[in-house]
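Asker: Structure in structure tokens, see below.
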Amino acid sequence: MSTFVNPAQTPGIGLSEEQAQLIDIAAGFCRDKSPVDEVRTLLEEDTGFNPDIWQEIAELGWLGIGIPDTYGGIGLGLGEIVPIVEQMGRHLLTTPYVSTVLAAQAVLRGGTEAQKSEILPKLASGTAATLGFCEDHGDWNLSHVTCKGSVTGDELALYGTKYLVSDVQEAAYMIATVAVGDQANLVIIPTDALPPEAVRREKIIDETRRAFAIVLDGITLPADALMEKGAAVDTLAHIELAASLLAAAEMCGGTYSVIDYTLDYLKTRKQFGKLIGGYQSLKHTMVDAHMGYERARAHLYSAAFLFGQQGEGEIAVRMAKAEAEEAFAFAADRAIQFHGGYGFTYDCDAQLYRRRAIWNAALYGDARYHRRKLADLMF
């Protein structure tokens, strides 16, 4: 049984009516669909997720939340997606949801009207998509692009390799960055244009995830696969913040769960005839973990509220990502330590959360990266 109060009733956080409803619905759905035994079963599957659950998510309408009703969506914002991703993180529910949401945001922000009209209704109804932004230089500046695109007549030829592309096996589209001339551009790549040998699975620390290297050499597309000219820089800045916000949501959910998991152990494990949760050194550390969670979650919902507002929104998102990363890392690390020798084994579920914490920390900038950005914004 959970140690904490219902997240929808957390004191001090003002949730919108939609957010409170979505937390309740998403909490029940993710709890029922993603017990830890199912999470471990999916570790051995090629896709890493259950396609039936993905279909149910589409039927719930969650994929259309951030898409305007003009394009078949519901017309809310990323602030209403945050509670869903938070609960997915809490239960380690893995699907192409975040990848698809971010791809939709990229098309919405930087696509031509024809691209929006064609692709967004598909994404709102359950077609998966992903992003291909990472390159071998490892720079978190998304506008630093070394993959090339060359336009000849009506044809676009691509060159280079994208790394750590999530969910590409399930995605119908990959939104990728390429440099055409000396300018960063976005291109929509139908994944059926990728030959099998161009897609190579990568080994990553979070085994609940799937990531791939995509070799673009020799791929040709119609020139109108390029997105709106001149929109890439603004779109990439938007995606960095959107992705950071959703990563913070997932990490807050994971922090909640791993603290709860550890507290259950401290209340049942005895050593020298006494419950180990009675020792002050462990109590105080768990209080620190809980305080870190509360700070991170307060920052998360502040960022969800302010997202999109010039200046304040960016500051809030970067604070949320940094706080969530550190809270999750601390709680998951202490979970491993407090489980003793068992905590360092593959059988202990604490390692699932620690791996997720490490992986999410590297997505779209770690805490130090975001704090450097904050220094420029605030001082």
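Asker: With the condition being under 18 Å from the mean Cα position of the chain (by Cα) and closer than 23 Å to Gln105 by Cα, I'd like the strands (runs of 3 or more DSSP E) fully within the stretch 150-223 carrying at least 1 qualifying residues.
Answerer: 161-166, 173-180, 211-215
Yes or no, residue by residue, for (1) hydrophobic (A, V, I, L, M, F, W, C); (2) touching a residue at least 12 places away in the same chain (Cβ under 8 Å); (3) buried (at least 21 other Cβ atoms within 10 Å of the Cβ); (4) outside the structural domain of Val101 (by TED's automatic domain parsing):
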{"position": "Leu158", "(1), (2), (3), (4)": "yes, yes, yes, yes"}
{"position": "Tyr163", "(1), (2), (3), (4)": "no, yes, no, yes"}
{"position": "Ala172", "(1), (2), (3), (4)": "yes, yes, no, yes"}
{"position": "Val178", "(1), (2), (3), (4)": "yes, yes, yes, yes"}
{"position": "Asp182", "(1), (2), (3), (4)": "no, no, no, yes"}
{"position": "Leu186", "(1), (2), (3), (4)": "yes, yes, yes, yes"}
{"position": "Ala198", "(1), (2), (3), (4)": "yes, yes, no, yes"}
{"position": "Ile205", "(1), (2), (3), (4)": "yes, yes, no, yes"}
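Asker: Let me ask you something else. Of the residues Ala320, Ala296, Ala304, only one is touching a His at 6+ places or on another chain (Cβ under 6 Å) and on the phi < 0 side of the Ramachandran plot; which?
Answerer: Going through Ala320, Ala296, Ala304 in turn, just one is touching a His at 6+ places or on another chain (Cβ under 6 Å) and on the phi < 0 side of the Ramachandran plot: Ala320.
Asker: Going through Gln55, Gln115 one at a time, which residue ends up being in contact with an Asp or Glu (Cβ under 9 Å, 6 or more places away or on another chain) and either at pLDDT 95 or above or not assigned by TED's automatic domain parsing to the domain that holds Ala176 (or both)?
Answerer: Every option except Gln115 fails the conditions.
Asker: Taking into account only those residues within the stretch 291-331 that are small (Gly, Ala, Ser) and part of a loop (DSSP other than H, G, I, E, B), which is modelled with the lowest pLDDT?
Answerer: Here the answer is Gly311.
Asker: If you check Gly132 against the conditions, is it in contact with a Lys or Arg (Cβ under 6 Å, 6 or more places away or on another chain) and not aliphatic (A, V, I, L, M)?
Answerer: yes
Asker: Please state which one of Ala20, Ala26 is among the aliphatic types (A, V, I, L, M), part of a helix (DSSP H, G or I), more than 22 Å from Gly126 (Cβ to Cβ) and not assigned by TED's automatic domain parsing to the domain that holds Leu352.
Answerer: Result: Ala20 is the single residue among Ala20, Ala26 that is among the aliphatic types (A, V, I, L, M), part of a helix (DSSP H, G or I), more than 22 Å from Gly126 (Cβ to Cβ) and not assigned by TED's automatic domain parsing to the domain that holds Leu352.
The values are calculated or read from the model by the stated rules, or taken from the named source; none is laboratory data. Predicted, not measured: the structure shown is a model, and the values here were computed from it. Note that each Cβ is placed from the backbone with ideal geometry, even for glycine, and that neighbours are counted across all protein chains shown.
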